[in-house]
Amino acid sequence: MKSPNEEDKTIEVEIERLLPGGVGLAHAEGLTLLVSLAAPSDVLRVVIDRIQGKVGFASIVEILKPSPVRIEPPCPYFGRCGGCDFQQLTYEAQLNTKVEIIRDCLHRIAKIDTPLNSHIHPSPSQWHYRARAMWQVDSNHKLLGYFERGSNRVCDVEYCAVLVPELQKTLERVRNEFPEATAMDRLRDIEVVAGDEGVSVAPPLAGFKTEIVSRVIGSETYHFSAEAFFQINHDLLEPLIAEALGDAKGQTAVDLYCGVGLFTLPLARRFEQVIGVESSTRATKFARSNLEFAKLNNAKVVTSRVSDWMKQHAHLFGPVDFLLLDPPRAGAENAVIAGISALRPARIAYVSCDPATLARDLKKLIASGYDLDSVVAFDMFPQTHHVETVAHLSSNSPAVVFSGAA
Ligand SMILES: C[S@@+](CC[C@H](N)C(=O)[O-])C[C@H]1O[C@@H](n2cnc3c(N)ncnc32)[C@H](O)[C@@H]1O
């Protein structure tokens with residue numbers, strides 16, 4: 001919140017709803033206002049920090065009438081730390097807002113009005129769920145934590161309430177053992193991930209190893225380290241995999257952006273042959289050893305950008321029964337959507353961590369002859385506006401070449 005001396009430049013607004021990105025929407029003085037850290041129906045005094053065209057970016061100076069779903073954010077760093085922007089909402093309101101955000105993106109971006117199954121799987125833990133984190137280092141000012149909201153200044157954090165206990169202990173150890181942060185001189189950030197054997201830290205600090213850790217999800221064992229992507233909220237992974245795979249089985253499955261093989265292993269149990277594609281060599285090394293450990297030799301993992309693989313190799317595959325894609329937040333590149341449309345898998349499962357890019361890509365897939373069968377959400381990131389979504393599509397026509405129009 002802003003200090004009271006900024007009050008002379010303030011205006012009073014009522015928050016209409018929360019938008020994708022987690023900001024509150026209000027209208028005043030001919031502007032569309034986007035208010036950080038708001039709750040729906042809050043009446044607020046806000047200050048406009050920046051104007052871009054007809055859009056003003058505002059922060060709260062005073063809460064005049066709190067929303068019925070507003071609560072006191074428990075974290076002492078709330079508002080300064082850029083991490084958790086939904087702590088001001090009850091957990092139920094967080095879940096409802098995430099469903100609304102997905103509906104809003106599907107409607108506005110993809111013109112999809114299907115009464116989406118509004119089910120969202122809550123997280124078993126609303127706090128202490130985060131098993132992977134990136135900590136920012138500012139060795140000049142001896143700070144370790146997360147970026148401050150809207151900046152790349154480091155917010156010094158001693159305790160983070162969303163970290164799993166093992167990572168909180170590691171944060172304390174790093175802070176105690178590097179009090180001057182001088183040993184971290186050339187470091188800008190530290191990545192950590194918790195597994196059953198402890199915590200993997202990258203890059204390795206004196207006394208901390210980038211060791212390989214593992215986690216059992218369902219009946220599969222996954223090995224990974226801080227240097228390769230692994231999902232954040234491990235408690236939700238079993239239902240996420242179950243939803244993404246559904247009843248899929250058959251001859252050929254493709255797993256795009258496969259990481260260390262989270263979906264590749266269960267797919268290899270159900271399909272005669274599976275191909276996983278992933279650009280990180282560290283991740284593909286783990287994916288291959290995870291398959292070997294599981295004694296699954298019917299899956300091949302290729303190290304390649306998905307767009308390159310699509311252009312150069314996808315046509316070599318016969319009919320594909322099932323294609324799963326789980327891209328980063330930016331979604332799938334145009335060439336990937338075009339490649340999927342040409343490959344024409346009978347069914348697609350799109351696992352997404354950004355409803356806006358999901359909606360953009362679904363629009364293209366639907367235009368190329370796919371029906372949207374279901375959309376189910378998972379609250380992988382409680383206390384933040386982020387949400388994981390699984391969409392299922394099925395082909396309703398023979399292959400058409402996608403024109404690439406946005
Ligand atoms: C959201 S993660 C999903 C990983 C895996 N499916 C999982 O659930 O653990 C996205 C993955 O895509 C990889 N990636 C990012 N851009 C890529 C690209 N252009 N081509 C291939 N892989 C990419 C990242 O390294 C990361 O492993």
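The values are calculated or read from the model by the stated rules, or taken from the named source; none is laboratory data. Quick caveat, the model's predicted, so the values are computed rather than measured. Reconstructed Cβ throughout: ideal geometry from the backbone, glycine too, with neighbour counts over all protein chains shown. Heavy atoms of the whole protein, side chains included, go into the accessibility calculation; ligands, DNA and RNA do not. Shrake-Rupley method; radii C 1.70, N 1.55, O 1.52, S 1.80 Å.
Brief remarks follow.
- Reciprocal mean inverse distance between Cα atoms of the stretch 1-154 - Kirkwood radius, Å: 17.1 Å
- The distance between label points at THR32 and ASP371 comes to 3.3 nm (points 7 Å beyond Cα on the Cα→Cβ vector).
- Anchor LYS111: aspartates and glutamates whose Cα lies under 14 Å away (excluding residues fewer than 8 positions away in-chain): ASP361, ASP371
- The stretch 126-196: GluC sites (Glu not before Pro) falling in loop per DSSP and having at most 11 other Cβ within 10 Å: GLU180
- Summing +1 for each Lys or Arg and -1 for each Asp or Glu among the other residues whose beta-carbon sits under 10 angstrom from that of LEU245 gives +1.
- The portion of the accessible surface of the chain made up by carbon and sulfur, rounded to a whole percent, is 51 (1.4 Å probe; DNA, RNA and ligands excluded).
- Counting only DSSP beta bridges whose two residues both lie in the chain, roughly 70 percent are antiparallel.
- Comparing mean-square fluctuations of GLY30, GLY250, GLY56 from a GNM of the chain with C-alpha springs under 10 Å, the top value falls on GLY30.
- Euclidean distance between Cα centres, the stretch 29-83 to the stretch 256-323, Å: 44 Å
- Charge dipole (debye, nearest 20) of the stretch 255-357; +1 at Cβ of Lys and Arg, -1 at Cβ of Asp and Glu: 200 debye
- Seen from CYS155, the other residues with C-beta closer than 12 Å to its C-beta sum to a net charge of -1, counting Lys and Arg as +1 and Asp and Glu as -1.
- Amide H contacts of SER123: ASP379, each under 5 Å away and 5 or more positions distant or on a separate chain (H built 1.01 Å from N in the peptide plane; Pro and chain starts excluded).
- Per DSSP, loop trypsin sites (Lys or Arg not before Pro) in the stretch 221-290 with at most 16 further Cβ within 10 Å: LYS249
- Partners for LYS295 among lysines (Cα-Cα distance below 25 Å; same-chain residues under 8 apart left out): LYS249, LYS285
- For the chain, the extents of the C-alpha atoms along the principal axes are 67, 53, 33 Å, listed from largest to smallest.
- Neighbours of SER397 by Cβ distance under 13 Å: Lys/Arg scored +1, Asp/Glu scored -1, total 0.
- Reach of LYS142 by Cα under 12 Å, taken over aspartates and glutamates that are not fewer than 8 positions away in the same chain: ASP156, GLU180, ASP185
- Highest-MSF residue in the chain out of LEU95, LEU393, LEU187 [GNM, Cα springs under 10 Å]: LEU187
- Calculated over the stretch 254-392, the projected area of the Cα convex hull averaged across directions stands at 8.3 nm².
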